[in-house]
Amino acid sequence: MNVPTALAGCALVILALADAVVTALSMVTVTGPVSGRVARAVWRTSLALNARTGRGSVFLKWSGTCTLLATFTTWAVLLWAGWWLVFSADTASVVASRTAVPADGWDRVYFTGYTVFTLGIGDYVPDTAWAQVATAVASLSGLFLVTLSLTYLVQVVQAVVHKRVLAQQIHCLGRDAFGIIAAGWTGSGFSSMFNGLLRGILALQGREESHP
């Protein structure tokens, strides 16, 4: 077995899972080291494209969606590449189920992909004891990463919905600060309806801050 190759693969697997855990489950508004760099790269690219093409803010509007897709793709690629390196550390670790011929590099890529992200098809199987254990762990890590990705996506969608509801409520009060005050002022004080709307906005803002 090529130990350095196996260790490099394990490092990539740990990096992918750790970055996903920090990004999806952190109690504060932080991201993992990989996710943060991906987000900054997508934002800078969106700014550059927006400045070069001059098409308004079309690229900026889609930067959030592109960031999510890039983040999920990066996690998947890191996990996939890590386990591929692990299974590539020993040329006899994966064989064809019918002929017992050792898998080549591309076959191990294929085997790793369907092992990590599906339950497997069975045309390639692990042939050594450690590879059998690694296959089970790889399947578990893929399930864990998919679950974390869905958790993170739900958090992001909830935050977007809260922000849109908050923006709509503020817009209903007036087009600007002067309009908001003028609409709520009765001549001797602010109306009860205006105070109620403000309390609703403050409550919504509190819920938004509790779900970063």
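Here are the numbers for the structure shown:
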item: Accessible area of Trp43 in the full protein assembly, 1.4 Å probe (Å², nearest 10); result: 120
item: Rounded accessible area per residue of segment 30-110, 1.4 Å, Å²; result: 58
item: Förster radius 35 Å - calculated FRET efficiency between Leu7 and Val161 (Cβ-Cβ, nearest 0.05); result: 0.20
item: Full-stretch length increase - Val101, Thr53 - with 0.36 nm per residue and alpha-carbon distance subtracted; result: 12.0 nm
item: Accessible area of segment 1-151 belonging to carbon and sulfur atoms, whole % at 1.4 Å probe; result: 71
item: For segment 1-148, size of Cβ-based charge dipole, Lys and Arg +1, Asp and Glu -1, in debye; result: 880
item: Sequence-distant residues sharing a close amide H with Val95 (under 5 Å, placed H); result: Ala103, Val125, Asp127
item: Cα Rg, Dmax (largest Cα-Cα span) when computed across segment 52-142, Å; result: 18.0, 59
item: Square roots of five times the Cα gyration tensor eigenvalues for segment 1-158, Å; result: 35, 17, 14
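The values are calculated or read from the model by the stated rules, or taken from the named source; none is laboratory data. If you're wondering where the values come from, they're calculated on a predicted model, not measured in any experiment. Methodologically, a virtual Cβ is constructed for each residue, glycine included, from the backbone with ideal geometry; neighbour enumeration extends over all protein chains shown. Heavy atoms of the whole protein, side chains included, go into the accessibility calculation; ligands, DNA and RNA do not. Shrake-Rupley method; radii C 1.70, N 1.55, O 1.52, S 1.80 Å.
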